[in-house]
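J.: I'd like to ask you about the structure that follows.
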Amino acid sequence: MAARNRRPSLRPLWVAQLAAMAFMVGVAAGVKGPADAVSVLVGSAVALLPNVYFAWRVFRHRGGRQARRAVHGLYRAAAGKFGLTVALFALVFISVPLSNHALFFGAYVVTLFAYWLASWLVTRQTPN
């Protein structure tokens with residue numbers, strides 16, 4: 001029986017990023033207040049949304065026959081992620097009055113680190 005090409009589970013990525021986001025928002029709300037918690041939430045969202053878009057675009061094509069499409073999809077996903085990140089930063093700085101820019105950027109960086117660390121978990125999964 002031929003093994004099917006299976007998409008890697010992205011659950012560890014989403015769980016790690018959402019857990020980091022929830023933890024940081026909770027700490028900011030408890031220590032600094034709700035205005036700073038919004039800064040943390042927005043910073044995490046700016047990191048999370050482009051990563052979700054990237055993962056959705058990259059894992060659309062499977063199999064050896066679609067290798068060329070997969071490579072083109074990877075380039076499109078990377079370009080789209082970059083464009084979406086720039087657009088979200090512009091949107092935030094134009095329309096959202098942040099109370100604490102340091103917390104915004106800190107949450108952005110921590111959410112990205114959670115993505116990088118959780119991606120290690122995805123690559124270490126054993127097939128079922």
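The values are calculated or read from the model by the stated rules, or taken from the named source; none is laboratory data. The shown structure was predicted, so the numbers you read here are calculated from the model rather than taken from an experiment. Note that we place each Cβ from the backbone using ideal geometry, even for glycine, and neighbour counts take in every protein chain shown.
J.: Can you spot a residue in region 100-113 that is at pLDDT 90 or above, small (Gly, Ala, Ser) and within 15 Å of Met21 (Cα to Cα)?
T.: Yes, there is a match, as at least one residue in region 100-113 is at pLDDT 90 or above, small (Gly, Ala, Ser) and within 15 Å of Met21 (Cα to Cα).
J.: When the residues of region 26-41 are narrowed to those that are touching a residue at least 60 places away in the same chain (Cβ under 8 Å) and in a helix (DSSP H, G or I), which ends up farthest from Ser95 (Cα to Cα)?
T.: Only one residue tops the list, namely Ala28.
J.: Can we say Trp116 is assigned to a helix (DSSP H, G or I), more than 16 Å from Leu48 (Cβ to Cβ) and either under 15 Å from the mean Cα position of the chain (by Cα) or at pLDDT 95 or above (or both)?
T.: For Trp116, the condition - assigned to a helix (DSSP H, G or I), more than 16 Å from Leu48 (Cβ to Cβ) and either under 15 Å from the mean Cα position of the chain (by Cα) or at pLDDT 95 or above (or both) - is not met.
J.: Using the structure shown, decide if Ala47 is modelled with pLDDT under 90, crowded, with 16+ Cβ neighbours inside 10 Å and under 16 Å from the mean Cα position of the chain (by Cα).
T.: Considered against the rule, which asks whether it is modelled with pLDDT under 90, crowded, with 16+ Cβ neighbours inside 10 Å and under 16 Å from the mean Cα position of the chain (by Cα), Ala47 comes out as no.
J.: In addition: So how many residues does region 91-104 have that are in contact with a Ser or Thr (Cβ under 9 Å, 6 or more places away or on another chain) and in a helix (DSSP H, G or I)?
T.: Final tally of qualifying residues: 4.
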